1. Gln140 to His177: FRET efficiency via 1/(1 + (r/R0)^6), r the Cβ-Cβ distance, R0 22 Å, to the nearest 0.05?
2. Would you mind getting me the FRET efficiency between Leu85 and Glu343? Use the beta-carbon distance for r and R0 = 35 Å, nearest 0.05.
3. Keeping all protein chains in the complex and leaving out DNA, RNA and ligands, what accessible area do you get for Glu362 with a 1.4 Å probe, in Å² to the nearest 10?
4. Lys pairs in the chain, Cα-Cα under 28 Å, at least 8 apart or on separate chains: how many?
5. Taking every DSSP beta bridge with both residues inside segment 184-285, roughly what % is antiparallel (nearest 5)?
6. Can you send over the carbon and sulfur percentage of the accessible area for the chain, probe radius 1.4 Å, protein chains only?
7. Nothing charged except the Cβ atoms of Lys and Arg (+1) and of Asp and Glu (-1): what's the magnitude of the dipole of the chain about its Cα centre? Round to the nearest 20 debye.
8. Taking a ≥ b ≥ c as the square roots of the Cα gyration tensor eigenvalues, with a/c under 1.5 meaning rounded and otherwise prolate when a/b beats b/c, else oblate, which class fits segment 1-109?
Amino acid sequence: MNETATRVYAEIDLDAVRANVRALRERAPRSVLMAVVKADGYGHGALACAKAAQEAGAAWIGTATPEEALALRAAGVEGRMMCWLWTPGGPWREAVEADIDVSVSGMWALDAAREAARAAGRTARVQLKADTGLGRNGCQPADWAELVGAAVAAQAEGTVKVTGLWSHFACADEPGHPSIQLQLGAFRDMLAYAEKEGVEPEVRHIANSPATLTLPESHFDLVRCGLAVYGVSPAPELGTSAQLGLRPAMALRASLALVKTVPAGHGVSYGHHYLTETQTTLALVPAGYADGIPRHASGRGPVLVGGKVRHVAGRVAMDQFVVDLGGDHAEAGDEAVIFGDAERGEPTAEDWAAAADTIAYEIVTRIGGRVPRVYLGA
């Protein structure tokens, strides 16, 4: 929801989301695209971004949890939708009734989908997930025959329809990693087995954002794009957002809360890990780790103030941090851009990831609920 924001706010450019979806579709012209909007659209707002992605041609919407998918349905998002992170006792029946594709990685989940279908009085749409080497969710090759056989039997009885076969890469963000081709080979083998046993999926998919950008042989019928939809590079090794033809959709902006002159040797923030070398000007940015600013970027996080990139001085606190302006003039109310688009000379989410020894996924996703989202292009 748009609202007047003065302290800190995340500006979300929905035209950038649309442009990124179109650019990603061009990278995989023979495949349909799933826009993944889990974790509240990677911090950008799931509902607004799902609608923008569909407007740009995304044929599927993907979420992690069923609750995320059901919330989108309740808000009026139609079309094909899939969710994949299930636990026993989850809202299986509600998902079946809402015509949401549910992912199945083991026998217990297939049984839950069948039971939900009987309770709902309709066929459950299920996608079988293969563990081709990530070692996380998904069915191991040794158990694949049992799961496929049970799914084919359930399909014959009319409780389920196997709509998809899918898997997930472990290292697609590391070009040339030997696991990539091993996983592709395993996926092809598991696809061939399932199809030999009578499965006729609507979609087969393994490609995430990095694979969509770099591995055309992995595109199959559908590509699942998450971070790239929001214009953030999935990995430094793949290139910057601009090099990948993407536009960052989020800019995190704040208004300076205080500017003051302090003498040389003045401690800044908790623990006095930063001491001023000379008399200087300090500016207070009213955002902290409660808003999603990573404390691990203390002393390193870049911020654009007054046309120059500065860095966090001292520790990031819960609600605020300080930048040393080096004597430059500024006033309370002036803008600080915490991250945005490098093409505008702003620090990026990738820059903050490097400063915090993490990945850009975490930087945008962790922006907290008390930070208003202001939408452009809605």
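1. Details: r = 21 Å, r/R0 = 0.95.
For Gln140 and His177, the calculated efficiency is 0.60.
2. Details: r = 35 Å, r/R0 = 0.99.
My answer for the efficiency is 0.50.
3. 80 Å²
4. Lysine pairs meeting both conditions in the chain amount to 9.
5. Numbers: 7 of 8 bridges.
In segment 184-285, DSSP labels about 90 percent of beta bridges as antiparallel.
6. Values: 7910 of 15690 Å².
Roughly 50 percent, rounded to a whole number.
7. Values: 34 positive and 45 negative charges, 56 e Å.
Magnitude of the dipole: close to 260 debye.
8. Values: a/c = 2.27, a/b = 1.35, b/c = 1.68.
The shape class here is oblate.
The values are calculated or read from the model by the stated rules, or taken from the named source; none is laboratory data. Just so it is clear, the structure is predicted and the values come from calculations on it, not from any experiment. No Cβ is skipped: glycine too gets one built from the backbone with ideal geometry, and neighbour counts run over all protein chains shown. Note: accessible area is taken over every heavy atom of the protein model, side chains too, but ligands, DNA and RNA are not part of it. Shrake-Rupley method; radii C 1.70, N 1.55, O 1.52, S 1.80 Å.
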